[in-house]
1. Of these, GLY25, GLY15, GLY36, GLY72, which one is touching a strand residue (DSSP E or B) at 6+ places or on another chain (Cβ under 9 Å) and more than 18 Å from GLY136 (Cα to Cα)?
2. Tell me which residues, restricted to region 43-75, are among the polar types (S, T, N, Q) and open to solvent by less than 20 Å² (accessible area, probe 1.4 Å).
3. Quick one: which helices (runs of 4 or more DSSP H) sit completely within region 1-72 and have at least 2 residues that are within 17 Å of LEU130 (Cβ to Cβ), modelled with pLDDT of 95 or more and of a type in the set (D, E, K, R)?
4. Among all residue pairs at least 6 apart or on different chains, which show Cβ distances below 6 Å where the first residue, located in region 101-115, is assigned to a helix (DSSP H, G or I) and open to solvent by less than 50 Å² (accessible area, probe 1.4 Å) and the second is modelled with pLDDT of 95 or more and among the hydroxyl-bearing types (Ser, Thr, Tyr)?
5. How many residues are under 14 Å from MET32 (Cβ atoms) and open to solvent by 40 Å² or more (accessible area, probe 1.4 Å) when one looks only at region 126-145?
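The values are calculated or read from the model by the stated rules, or taken from the named source; none is laboratory data. Keep in mind it's a predicted model, so treat the numbers as computed, not measured. Cβ sites come from the backbone with ideal geometry, for glycine too, and all protein chains shown count toward neighbours. When the accessible area is computed, the model is the full protein with side chains, heavy atoms only, and any ligands, DNA or RNA have been set aside. Shrake-Rupley method; radii C 1.70, N 1.55, O 1.52, S 1.80 Å.
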Amino acid sequence: MSAWKVGILTSSDKGARGEREDLSGQVIREMMLDIGGEVVVYQVVPDEFDILRNSMVTYCDELNLDLIVTTGGTGLAKRDVTPEATLAVIEREVPGMAEAMRAVSLQKTKFAMLSRAVVGTRGNTLIINLPGSPKGVRECLEVLLPVLPHALEILQGKMGEHK
């Protein structure tokens, strides 16, 4: 199996200033190995709409990544703008994946219903928003990992229709 080209984009003001280590990004990097993912770009950026949007567009259109996984910025705080930036980038939503993450998280904490995470596609790239905590990242990715290779194969036309 060829490696999937993965980008990790962490949205964190403190992380971008070097005041906080990005543990969530590290969890994503480790878990991508389970699907043959190769992290080819990794960035920690401030919680800024334009920076997030422009980074995702570059990852999709110029770097031609297969998968972008964001972490952080999916809550209700005023500076949590990752879902809005993602919605400005994607062409189609994949609501079932976001719903699956919230459903599993809701079994562990009531606060999961506050997540505004989005999943969608731009061209041949799948974009997934994850929470900002390492625990939340792990819980959400564990739900998605079993279907990610299949989703990427379908998105990129490497697999035919279901029979």
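1. Step by step, each of GLY25, GLY15, GLY36, GLY72 is checked, and only GLY36 is touching a strand residue (DSSP E or B) at 6+ places or on another chain (Cβ under 9 Å) and more than 18 Å from GLY136 (Cα to Cα).
2. SER55, THR70, THR71, THR74
3. Hits in region 1-72: 23-32.
4. Taking only residues 6 or more apart or on different chains, the pairs are ALA112/SER105.
5. Result for region 126-145: 2.
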